[in-house]
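Have a look at the structure below before the remarks.
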Amino acid sequence: MRAAPRSKRRWARLLVRTLLVLAAIPLVLVPAYLVVAPVSTLMIASWIFGPVQRTWVSLDRIAPALPAAVIMAEDGRFCEHHGVDFTELAKVLDRSRGPNRGASTVTMQTVKNLFLWSQPLTYLRKALEIPIALYADLVWGKRRTMEIYLNVVQWGPGIFGAEAASQAYFKRSARDITPVQAALLVAALPNPIERNPARPDRFLRYRAGTVSSRARMAGGYADCLKP
């Protein structure tokens, strides 16, 4: 009769140890990623099934129009918050149907790409993203966070990072893409598998026009990316 409680305690201890190990991974890797070029969990999974294109480039070698478009389309308060936009997060978590992508800052998307899973989007993933994003913002700062994001985000099947995407879709380096091309790349998110920046349909062109208009007004919204 006592075997069941002991078994439950063993499973509970195993669960606690597993969670502690998982928590230790970002504690160690976030500081390491100040100097090491990281890969995402999705990149690792993609390597299993086929080739992966990714060439790491510094933020200085990416056209400024691209991070400006990312900020204005994905995270307008990027330079103001500390990794998590609690104002927007509260609005989204108040929805009865659960969280959606709208509450994710660039920092949260970055740590999700590096340490967590993409689907399904759950309250558990959000709960894990928040402390890791706060920690990452403290350690990396804004420029490094944006640099990592632009080098790990997926932009197509097996295509990761701004340099690989620019070469694949526009036959030029990320440094040389135009503001229109930058807007097309950002507009392809969050569904880069079905949206091709090089052959945009009507919806993608419309979305890219909106992103481009916002990016032209980035101004102080992107000041934290200045060297």
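The values are calculated or read from the model by the stated rules, or taken from the named source; none is laboratory data. Being a predicted model, the structure only gives us computed values, none of them experimental. Because the Cβ atoms are built from the backbone with ideal geometry, glycine has one as well, and the counts that use them run over all protein chains shown.
Observations, loosely collected:
- Within the set 26, 31, the sole residue that is surrounded by 20 or more Cβ atoms within 10 Å (Cβ to Cβ), over 14 Å from the mean Cα position of the chain (by Cα), in contact (Cβ under 8 Å) with a residue 40 or more places away in the chain and assigned to a helix (DSSP H, G or I) turns out to be 26.
- Contact map, segment 205-227: residues that are under 17 Å from residue 192 (Cα atoms) paired with residues that are β-branched (Val, Ile, Thr), Cβ distance under 7 Å, separation 6+ or inter-chain. Pairs shown: 211/186.
- Looking across segment 178-192, just one residue is assigned to a loop (DSSP other than H, G, I, E, B), modelled with pLDDT of 95 or more and farther than 11 Å from residue 66 by Cβ, and that is 188.
- Taking the listed residues 68, 73, 37, the one that is under 21 Å from residue 154 (Cα atoms), in a loop (DSSP other than H, G, I, E, B), modelled with pLDDT of 90 or more and in the same structural domain as residue 104 (by TED's automatic domain parsing) is 37, with no other qualifying.
- Residues that are part of a helix (DSSP H, G or I) and of a type in the set (Val, Ile, Thr) were ranked within segment 76-105; the one that is modelled with the highest pLDDT is 87.
- Residue check, residue 123 aromatic (Phe, Trp, Tyr), surrounded by fewer than 20 Cβ atoms within 10 Å (Cβ to Cβ) and either over 16 Å from residue 58 (Cβ atoms) or touching a Gly at 6+ places or on another chain (Cβ under 9 Å) (or both): yes
- Here is the figure for segment 106-125: residues that are farther than 21 Å from residue 71 by Cβ and assigned to a helix (DSSP H, G or I) total 4.
- Selection status of residue 175, closer than 23 Å to residue 142 by Cα, at pLDDT below 95 and among the basic types (Lys, Arg): no
- Filtering segment 197-227 to residues that are in a loop (DSSP other than H, G, I, E, B) and either buried (at least 16 other Cβ atoms within 10 Å of the Cβ) or under 18 Å from the mean Cα position of the chain (by Cα) (or both) leaves 197, 200, 218.
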